[in-house]
Amino acid sequence: MKSAIRQPNFAVCLVSAIAALAGLLFGFDTGIISGALLFIQKTFPLTAGLKEFIVSSVLIGAMMGSLGSGYLTDKYGRRGLMLIIALMFITGTLIAALAINIEMIILGRIFIGIAIGIGSYTAPLYIAEAAPAEWRGGLVSLNQLAITIGIMSSYFINYTFINTEASWRIMFAIGIIPAVLLGTGMIFLPESPRWLVKEGRSEQARKILIKLRDKQNVDHEIHSIENSLQIRHAKLSELLAPWIRNVLFLGIFLSFLQQVTGINAIIYYAPTIFQMAGFHDASSSILATLGIGVVNVLSTVFAIFYLDKLGRRPLLFYGLIGMGLSLFCLSMTFHYAGQVPYLRWFAVASTFIYVICFAFSLGALLWLMVSEIFPLELRGAAMGIAVFSCWFANFLVSSTFLTLVNALGTANTFLVYTIMCIAGLAISYYIVPETKGVTLEKIEENIRRGLPLNQIGAPITDNVPEVEMS
Ligand code: BGC
């Protein structure tokens, strides 16, 4: 029999939608560079190295931000920190949009990057802590949807302002709109009830929860938050204890896999790739890129509906197979470019299929799984390390893409990402668990019982020995 599922009320939806604006800014500010780059080089001469540095300056900031985010969200509260990052987005955007030299662009982008890094940890956390348990999965994935909508909007803006003089300034400046909406929205949103309880402000938390849950009696929820806080807080060094080490490895592995299979070579450099494939005017290559943004959003919507129905593992495997095949086709396109006419359309089709496969698998899955697999007492620190790894791997890939293209050629560069998909598929087969429909507590119990990684989402079986915790 189906149990009645409580609908999230308007207040929770509003909290999630406004917090997801941080995801939208994440997508917008990382996506806008692909078009802006084509125009910045008309204002300031750029070498391949400088181009890569402009693209990766946001990522350097994001690495710095994600490292400090666990500490900062505890100290200033989730809401306080979201307000601070809105201000950082505004400041960084103004510096980059009004830049009179390359250094200012880089400085502004690093500032924006720090805000993105903190937001990529804090926004999902803030949503998860406000959401009722039954809706947490969907609402967390809403953040990934916002990221893809941000990327799509950035492509759309790239295309709209293509013929405007100094268009890169306008492209950057538009990012102020969601940042102001985020800041204004956060002024009116409540602090996370869970953080308030942790700070000993349970009465205030109770009043907020009543609004978020549409009911007067929230004692049970306050109680379980208080109980969960009784759990001893593990020291950072315990992350290397045998019982948790493997799970931490899984989180880092998934973060690296999401990036080293090349997604951001496509997301950040798509117009450049299309130009290399034979679309010589900036306008048609940016239009093709806009198509990428649209299929990325649509495929993420598919993932949100099907991750809980088909399961994580099948989506991951089909996604990786599709990504590998389409990267191989892209590589072949560049290999035979010049010999066969119309191959550039094949490049566009391969790129679209690649993005569709990424979005329904690794795109949504990474952020969902890093919030599922870590035991409560170590969740903050472990999630921080996984989020940092994701930004670090992102930095490695996007700061080496053009260098790789120059050194190995475009065809071989895509072949490298193809090999990463194959290796990733083989390793995932052995270590990625199916966590569909399993409670977080059950996953945690399985980890404590020492089950192999690929079984930590399985229902508990008897006769499995409890492992030594220290
Ligand atoms: C990744 C980003 C990527 C985006 C593309 C996110 O899940 O973390 O690096 O640009 O998906 O949609």
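Points worth noting:
- Test: residue in the range 130-137 that is at pLDDT below 85 and not in a helix (DSSP H, G or I): yes
- Matching option when the condition is away from the ligand (no atom under 16 Å from the Cβ), closer than 29 Å to Val297 by Cβ, outside any helix (DSSP H, G or I) and in contact with a Gly (Cβ under 8 Å, 6 or more places away or on another chain), among Ile162, Ile114, Ile110: Ile162
- Odd one out for Gly92, checked against (1) away from the ligand (no atom under 16 Å from the Cβ); (2) surrounded by fewer than 24 Cβ atoms within 10 Å (Cβ to Cβ); (3) assigned to a helix (DSSP H, G or I); (4) not hydroxyl-bearing (Ser, Thr, Tyr): (2)
- Residue in the range 144-152 that is modelled with pLDDT under 85, assigned to a helix (DSSP H, G or I) and within 16 Å of the ligand (Cβ to nearest atom) present: no
- Flag for Ala205 being modelled with pLDDT under 95, away from the ligand (no atom under 16 Å from the Cβ) and exposed (fewer than 15 other Cβ atoms within 10 Å of the Cβ): no
- In the range 345-374, residue nearest to Ile321 (Cα to Cα) [restricted to those that are without any contact (Cβ under 8 Å) to a residue 40 or more places away in the chain and among the small types (Gly, Ala, Ser)]: Ser350
- Flag for Thr418 being in a helix (DSSP H, G or I), among the polar types (S, T, N, Q) and within 16 Å of the ligand (Cβ to nearest atom): no
- Test: residue in the range 341-355 that is charged (D, E, K, R) and within 16 Å of the ligand (Cβ to nearest atom): no
- Filtered by the rule that a residue be hydrophobic (A, V, I, L, M, F, W, C), under 24 Å from Thr333 (Cβ atoms), crowded, with 19+ Cβ neighbours inside 10 Å and more than 14 Å from the ligand (Cβ to nearest atom), the range 359-413 gives Leu402, Val405.
- Counting the residues of the range 318-342 that are part of a helix (DSSP H, G or I) and either touching a Cys at 6+ places or on another chain (Cβ under 6 Å) or buried (at least 16 other Cβ atoms within 10 Å of the Cβ) (or both) gives 16.
- The number of residues in the range 117-130 that are away from the ligand (no atom under 16 Å from the Cβ) and of a type in the set (Gly, Ala, Ser) comes to 2.
The values are calculated or read from the model by the stated rules, or taken from the named source; none is laboratory data. Computed from a prediction, not measured in an experiment: that's the story for all the values here. When we count neighbours, we look across all protein chains shown, and the Cβ atoms used for this are built from the backbone with ideal geometry, even at glycine.
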